[in-house]
Amino acid sequence: TEYPIIWGYLGLASCNLSYVPKFLMCQRNIHYLDLSNNNIEGHIPDWLRRIGGTFSLSLNLTHNLFTSVATNLSNRSIGDLDLHSNKIEGALPLPPSGTYRLDYSNNHFNSSIMPEFWSRISSAISLSLANNSLIGEVSHLICNATNIEVLDLSFNSFRGLIPPCLLEHNERLEILNLRGNNFHG
């Protein structure tokens, strides 16, 4: 079988895959990997984020049946990480520093967010954590994400005050969705 690798893009979306193909372990020329809309179950393999050699990697793992992922994804440069619409449980994984687009929405994450998480998203332009069971307060460290254009924290159990930087003097923020939480003030 020939796989469609074009200029670093490998698209295996909607292929009815039930596991992550092992041939990906040896790939060094992939910059964007799309495994969305399959039936892949279980743990997201740790080796998956190491493909592509030294290039920044974009991973689309959406609409699968993944249930877990490493809690620290920091050993790799991942520009875009899209894990939405899986069944991933537990603590929110720490993203790699320098991630521009991060989508963990529509999963089963159910913890408070460690301060280090907020520090790691300082380069983000888009962050979605919507439709999980996240708790606690949104740290003021979110204010370090000065390039953020889209922030969706809706339908969780966040509480406390909304960090003032999200409501004032934020020229880049175009979409802010905080509904379905327990904010006050």
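The values are calculated or read from the model by the stated rules, or taken from the named source; none is laboratory data. This one's a predicted model, so the numbers in the text were calculated from it and none came from an experiment. Quick reminder, even Gly has a Cβ in these numbers, built from the backbone with ideal geometry, and neighbours come from all protein chains shown. Ligands, DNA and RNA are stripped out before the accessible areas are found, and what is left, the full protein with its side chains, is counted by its heavy atoms. Shrake-Rupley method; radii C 1.70, N 1.55, O 1.52, S 1.80 Å.
Listed values, structure above:
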{"read-out": "Near pairs, Cβ below 6 angstrom, 6+ apart or cross-chain, from the stretch 168-185 (more than 18 Å from CYS143 (Cα to Cα)) to any residue that is of a type in the set (Lys, Arg) and surrounded by fewer than 17 Cβ atoms within 10 Å (Cβ to Cβ)", "value": "ASN182/ARG159"}
{"read-out": "Odd one out for ASN147 among (1) modelled with pLDDT under 90; (2) open to solvent by less than 70 Å² (accessible area, probe 1.4 Å)", "value": "(1)"}
{"read-out": "Test: residue in the stretch 80-91 that is under 21 Å from HIS43 (Cβ atoms), open to solvent by 60 Å² or more (accessible area, probe 1.4 Å) and hydrophobic (A, V, I, L, M, F, W, C)", "value": "no"}
{"read-out": "Residue match in the stretch 58-68 (condition: assigned to a loop (DSSP other than H, G, I, E, B), open to solvent by 20 Å² or more (accessible area, probe 1.4 Å) and closer than 24 Å to PHE158 by Cβ)", "value": "no"}
{"read-out": "When residues of the stretch 92-104 are limited to those that are in a strand (DSSP E or B) and not basic (Lys, Arg), the one surrounded by the most Cβ atoms within 10 Å (Cβ to Cβ)", "value": "LEU102"}
{"read-out": "Subset tally (residues that are crowded, with 17+ Cβ neighbours inside 10 Å and at pLDDT 95 or above) for the stretch 17-36", "value": "4"}
